[in-house]
Structures are given as structure tokens and as C-alpha cells.
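Since the structure comes first, as C-alpha cells, the remarks are kept for the end.
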Amino acid sequence: MNRSSSAGWGRVGLVLGAVLAATTWCVPADAAVPGDADSVARPGAAPSCPVVYFDLGETLVHTADDGGIGYQAGAASYLGALRRRHISIGLITNVPPSWGATDAERAARLRKEVDAAWTGSVPFAWRDFGDRILTPRTDAERKPAPALWERAKAGSGRCRLVYQAETAEEVKVAASLGYVPYQVEQAHRPAFLPVGLVELLGRRSR
């Protein structure tokens, strides 16, 4: 990692350390809300700030040994908390480029594949993401190549951007591009970036 990226990680670490010590900012386990039509992102609408992007597999959803797919522990409640705060969210995820000629087509195929294997009692909150589902147009754009994060950044105006994933390599790339990174499911800290901190980040432009 280059020197500027290391400095960025240091600043983020100081902020995260201060906030994660405040346990009142942790997301309650019962925060899931399946509906909330008034606060759902609309396709084509300008995002409100900040924008929180996620990886999908093993970040928001988990694939079991039998191939069934459901929410990762805590993910449904966390998305519900973001929804109630009207915080825009998106996905940055690898799928085969052959799944479609556009992000919309590839996202539709992704939804079809996930829904076909879904075993959770609560459906995945696809509509919360609006049209902010970024997928590779070519194999060269597949993560950890920076292309998808760059495309998401270009479409987010001056919003502060967050990226949450289970893979250290991915959050490092996101950090190097100016995202606030958070590696999920780490011991001794919240599974996801606390919603209170996300709101504070939204008060600062890039």
C-alpha cells in the first residue's frame, strides 16, 4: 500500500476507534423492517448522502453448504436501520459479464439467481438498492480491479462513500480510492459499521 493510502487508513482508524467505543451507536438486533416503501431508493433518483456500498456474498448474504442462500447474521436488521435513516445503499459485486449487456440486465440476472436459491424467511431487500448495483462489464473489471468502485464514485456526486465487505483486499482497494472502508464480521467489534457513524460521515463531503 502506498504512503497516502496508509495515512488514509490511519485517519479512518482513529475515527472508527472513537465511535466504536460508544456502544449506544450499535445497531439493535431487532431493527429489521421489511417494507418502508416511503424510504426505498427509487431507480434513477439522485442518492442522498452518504452512500453505503456493500459486497454481496458472505457480506450481506450467506450461501450454505446445501446451496441455499439467506441473510448473513445481522444483515437484515442493519439494512433496516439504514432504511429508516434514509441512507442510500448500493452493491459492488462480481458476476459473470455474460449475464447482460448493462448493469440493469446483470442485476436482474443476479436477483433471479439469488431468489431461486433463497431460503430466508424475509426476502432480500433488492428495491432498497435502486439502480446502484454495479457489476463488471468485462473480466478485467472484476474486483479487486478498481473499475467498479470508480464507477460507483463517479455516480455519487460529492457524497461520502462507504464500502463494507468481508475481504481485506477489497476494503484496502476501496480505501485507496477514497472510500471509508469497513471489514465486516471481525471479532471484538460490530459486525457492520455502526449507523450513527455512517450518519456522521454523511455530513462531510469528499
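Structure summary
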item: Scope the stretch 162-177; condition touching a residue at least 60 places away in the same chain (Cβ under 8 Å) and either touching a Lys or Arg at 6+ places or on another chain (Cβ under 6 Å) or charged (D, E, K, R) (or both); matching residues; result: E166, E170, K172
item: Verdict on R151 being more than 26 Å from G74 (Cα to Cα), crowded, with 16+ Cβ neighbours inside 10 Å and in contact (Cβ under 8 Å) with a residue 12 or more places away in the chain; result: yes
item: Count - residues of the stretch 59-114 that are assigned to a helix (DSSP H, G or I), of a type in the set (A, V, I, L, M, F, W, C) and under 16 Å from R127 (Cα atoms); result: 10
item: Residue that is most open to solvent (accessible area, probe 1.4 Å), among those in the stretch 154-186 that are assigned to a loop (DSSP other than H, G, I, E, B) and acidic (D, E); result: E185
item: Unique residue being more than 22 Å from V171 (Cβ to Cβ) and of a type in the set (V, I, T) when the list is I69, I92; result: I69
item: Residue check for L177: among the aliphatic types (A, V, I, L, M), in contact with a helix residue (DSSP H, G or I) (Cβ under 8 Å, 6 or more places away or on another chain), modelled with pLDDT of 95 or more and farther than 13 Å from F54 by Cβ; result: yes
item: Condition check for L110: in contact with a strand residue (DSSP E or B) (Cβ under 6 Å, 6 or more places away or on another chain) and either surrounded by 14 or more Cβ atoms within 10 Å (Cβ to Cβ) or at negative phi (or both); result: no
item: Condition check for R189: part of a loop (DSSP other than H, G, I, E, B), at pLDDT below 95, touching a strand residue (DSSP E or B) at 6+ places or on another chain (Cβ under 8 Å) and among the charged types (D, E, K, R); result: no
item: The stretch 44-83 - residue that is of a type in the set (S, T, N, Q) and closer than 17 Å to V195 by Cβ and, of those, most open to solvent (accessible area, probe 1.4 Å); result: S48
item: Evaluation of T24 against (1) at pLDDT 50 or above; (2) among the hydroxyl-bearing types (S, T, Y); (3) surrounded by fewer than 17 Cβ atoms within 10 Å (Cβ to Cβ) (one fails), failing number; result: (1)
item: Condition check for A101: open to solvent by 10 Å² or more (accessible area, probe 1.4 Å), free of Cβ contacts under 8 Å to residues at least 12 places away in the same chain, touching a helix residue (DSSP H, G or I) at 6+ places or on another chain (Cβ under 7 Å) and not polar (S, T, N, Q); result: no
item: First in the stretch 63-92 and touching a residue at least 60 places away in the same chain (Cβ under 8 Å) and within 18 Å of A107 (Cβ to Cβ), second anywhere and hydroxyl-bearing (S, T, Y) and open to solvent by 30 Å² or more (accessible area, probe 1.4 Å), Cβ under 8 Å, 6 or more apart; result: S88/S48
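The values are calculated or read from the model by the stated rules, or taken from the named source; none is laboratory data. On a predicted model such as this, the values are computed, not experimentally measured, just so you know. Cβ coordinates were reconstructed from backbone atoms using ideal geometry, including for glycine residues, and neighbour counts include every protein chain displayed. Note: areas computed on protein heavy atoms with side chains; ligands, DNA, RNA excluded. Shrake-Rupley method; radii C 1.70, N 1.55, O 1.52, S 1.80 Å.
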